[in-house]
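Below is one structure, written out as structure tokens; comments come after it.
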């Protein structure tokens, strides 16, 4: 149980962690063998029995946020990064922020809205968001953004926007965008450069005008354009139309988790802490068209309820059935195609692992 205890602590504290599991090989080695995090702690049963050349898997998976399936020493090993969802800081609680916050939440961002006006910075205006009434520049600094944080500056005045921009450009972020006309943004940039409060290099990361070119005019349309750009940066997409263009693999992107994934891991943490049996189903690899990609997971709880998804339909029902019956980790493969659904047609490997039951 020690490896699950480490995972629970990391999930509760929103720390990056990587689960390493043997998914194919001798039965005694099957299952999660190690939980390793950027905080340096590692544990797990019989990790020393695994090939030495897989030692770098957790670090590699955490670096780019992508799962890895590899073969070494006659074993197939899956490294799954478990990362908190990306954070979005919106500086300014005006009419665009009202449309932007729920749209960003729907796209999987944890949203914090800040404004120094008490009548605007009210939690009831932004359900599900963290809302802070304070000086925006000071609050941005206090929130300590990092390389996975997205920042949108949507203030109301020249001076307030200038102070928020001064604070934001000096801090790390995955994305920094600012609302306003080209003239306004150019003026703010020039003033900060002339006073030495910002460098040319720091200003290069600013995206303004903000968002993708959708011809947006209304606050709702502007919010969609901004969220579209956030997703493109988050996933490494180009923002180009998919129709009529050759599809390419995403490049770059920001290593971060998803809100659905976070719900799965929090539910697992609850089950582990209560000592309740549950099982974790994880997609290891896919071929062809599938509704979910590698790394998608689903928790099957004691009462049969599930959190997350591995694709839906009859296929997911079969995964739930197997998870409720097995006493030890199993690896299965199935096709997302049946006579009634005719869905997708691709295939996926799914690893089902009891979490709190004993298996030998």
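Before moving on, here are some points about what is shown:
- Computed over the stretch 147-206, Kirkwood Rh from alpha-carbon pairs, angstrom: 11.5 Å
- Listed residues 280, 75, 214, most fluctuating in the chain (Gaussian network, C-alpha, under 10 Å): 214
- Between helix 219-235 and the chain: long-axis angle, C-alpha atoms, 0 to 90°, nearest 10: 50 degrees
- Bridge type composition, the stretch 258-360 - antiparallel percent by DSSP, nearest 5: 100 percent
- Helix 95-106 axis, angle to the chain major axis (alpha carbon atoms, nearest 10°): 10 degrees
- Kirkwood's formula applied to the C-alpha pairs of the stretch 106-151 gives a hydrodynamic radius of 11.4 angstrom.
- Averaging over all projection directions, the Cα-based convex hull of the chain occupies 20.9 nm² in the image plane.
- Amide N proximity, the stretch 109-136 versus residue 220 label position 7 Å along Cα-to-Cβ, cut-off under 14 Å: none
- Distance cut-off 12 Å, percentage of C-alpha pairs in the stretch 197-248 lying past it: 70 percent
- Stokes-Einstein D in µm²/s, Kirkwood radius over Cα pairs - the stretch 163-274 at 37 °C with 0.692 mPa s viscosity: 195 µm²/s
- Dimensions in Å of the stretch 258-360 - Rg and Dmax from alpha carbons: 13.3, 41
- For the pair residue 12 and residue 332, label points projected 7 Å from Cα toward Cβ lie 3.2 nm apart.
- The angle between the Cα long axis of helix 182-194 and the longest principal axis of the Cα atoms of the chain comes to about 90 degrees, rounded to the nearest 10.
- The DSSP beta bridges internal to the chain are antiparallel in roughly 65% of cases.
- Taken over the alpha carbons of the stretch 220-309 as equal point scatterers, the Debye sum produces base-10 log I(q)/I(0) values at 0.20, 0.25 Å⁻¹ of -1.04, -1.25.
- Projected-area average for the stretch 87-235 over all orientations - Cα convex hull basis, square nanometres: 8.0 nm²
- The alpha-carbon positions of the stretch 1-160 define a convex hull whose volume is 127 Å³ per residue.
- Comparing 200, 185, 11 in a Gaussian network model of the chain, where Cα atoms under 10 Å apart are tied by springs, the biggest mean-square fluctuation is seen for 200.
Each value in this text was obtained by applying a stated rule to the coordinates, not by laboratory testing. Since the structure is predicted, the reported quantities are computational estimates derived from the model, not experimental observations. Because the Cβ atoms are built from the backbone with ideal geometry, glycine has one as well, and the counts that use them run over all protein chains shown.
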